[in-house]
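The values are calculated or read from the model by the stated rules, or taken from the named source; none is laboratory data. Here the structure is a predicted model, which is why all the values come from computation and not from measurement. Note that each Cβ is placed from the backbone with ideal geometry, even for glycine, and that neighbours are counted across all protein chains shown.
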Amino acid sequence: MIPASSFIDSCKKHGLTLWTGVPCSYLKPFINYVIDAPDLRYVGATNEGDAVGIAAGADLGGQPSVVMFQNSGFGNTVNPLTSLNMIFKVPTLVITTLRGEPGGAHDEPQHELMGQITGGLFDLMQIPWEYFPTEVSEIDAVMGRAVAHMTEKRTPYGLIMRKDSVADYKLQTKASPKPVTEGSVGPWGPQASYPTRREVLAMIQAKVRPTDALVATTGFTGRALYALDDRPSQLYMVGSMGCASSFGLGLAIAQPQRRVVVLDGDGAALMRLGALATLGYERPDNLIHVLLDNEVHDSTGGQSTVSHSVDLAGVALACGYPTVVRAHSLAEAEAAFVNARGLTFIHVKTAPGEKGDLPRPKETPVQVIDRMRGWLKETKG
């Protein structure tokens, strides 16, 4: 058993200062210690996959991170780990607990199968792993191997934590609730027509600051942005279903001097609606969240989403976004974008459908993120 401070100090030596995840009783000492530490930051995610997205965005922004969760939630991370971290080559230290360890202490029934396959999941995703250190003398060697892999291969490294690996640490800090803006953003009025996706994206490209970073959700949104004007300041996400806003949050935290624009879709946002709560609580004042809502899964055949029956702007308001705008036209969307101050949610309805000549980026995901890393270093927010 080791004290939380010993492992965390080793992480700090390697530049890992942002921690994000979902609680587990095995992880309680870590989470409590990081929350109390004045030189560390903990971002509590509503979903393990969201935590992976946050950490990936922070890494792009120059702040390597640690993700932690219990293995019962490991399944929620499979999509971003395989289609974000592994495809874009984004390293993250992943700590998962080993609830339901075969031959170990009695545990709840929901942990039984996952306890048997936790290591196998890492193997299946081609992510190397080892057991979390239980002696202080082991920490430096474990961290050395983890950091060496993440530096050389640029992919995640896993640590599987058994019960009683870390000594108890009692939380001293109390959570500070943040007020939520009361009222509503008003109903949708009658609209004779909707702007197209490309019209909204072209407007944003015309109005962004030279130092703004753009994160476009997977599917037609990223491809349409690329078709309009390919720029090193733009990240075209692939896979990573619903993770664009969490990724943008991580980037905004790592680069507070730079404005981050997240270009989201209704289908993607609905997949990980809890991410809005995390964004609303963290409230980075350098993030604009634009939701392009055409009420369909456009890139998979135009099947309807349920956004026509969900007040997504109202959800953002209830989650704590200080400014929420329901844009009824391209002109209103432009005004909201130009006048945005602080964390802002802009909900704009767009027409479904896309031109048949929509290209895919010629650059690989690794080339796209590498040039964006270079651009972030070259420009100041």
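Do we have any residue at all in region 178-193 that's of a type in the set (Asp, Glu) and touching a residue at least 40 places away in the same chain (Cβ under 8 Å)? The answer is no; no qualifying residue exists.
The residues of region 176-206 that are under 12 Å from LEU330 (Cα atoms) and modelled with pLDDT of 80 or more, listed by number, are SER193, TYR194, PRO195, THR196, ARG197, ARG198, GLU199, VAL200, LEU201, ALA202, MET203, ILE204.
Quick check on my filter: what residues within region 108-131 are under 25 Å from the mean Cα position of the chain (by Cα) and in contact (Cβ under 8 Å) with a residue 40 or more places away in the chain? Across region 108-131, the qualifying residues are MET114, THR118, GLY119, LEU121, MET125, GLN126, ILE127.
Scanning region 1-24 for residues that are in contact with a Ser or Thr (Cβ under 8 Å, 6 or more places away or on another chain) and either within 23 Å of ASP107 (Cβ to Cβ) or assigned to a helix (DSSP H, G or I) (or both) yields MET1, ILE2, CYS11, VAL22, CYS24.
Within region 266-308, being under 13 Å from the mean Cα position of the chain (by Cα) and small (Gly, Ala, Ser) holds for ALA268, ALA269, GLY274, ALA275, ALA277. From THR92, THR97, which residue is within 14 Å of the chain's Cα centre (by Cα) and β-branched (Val, Ile, Thr)? Only one candidate passes the filter, namely THR92. The condition of being of a type in the set (A, V, I, L, M) and touching an Asp or Glu at 6+ places or on another chain (Cβ under 9 Å) holds for only one of LEU376, LEU358, LEU330, that being LEU330. In region 320-356, what count of residues is obtained for those that are outside any loop (DSSP other than H, G, I, E, B) and either closer than 17 Å to LEU292 by Cβ or outside the structural domain of LEU292 (by TED's automatic domain parsing) (or both)? So the answer is 18.
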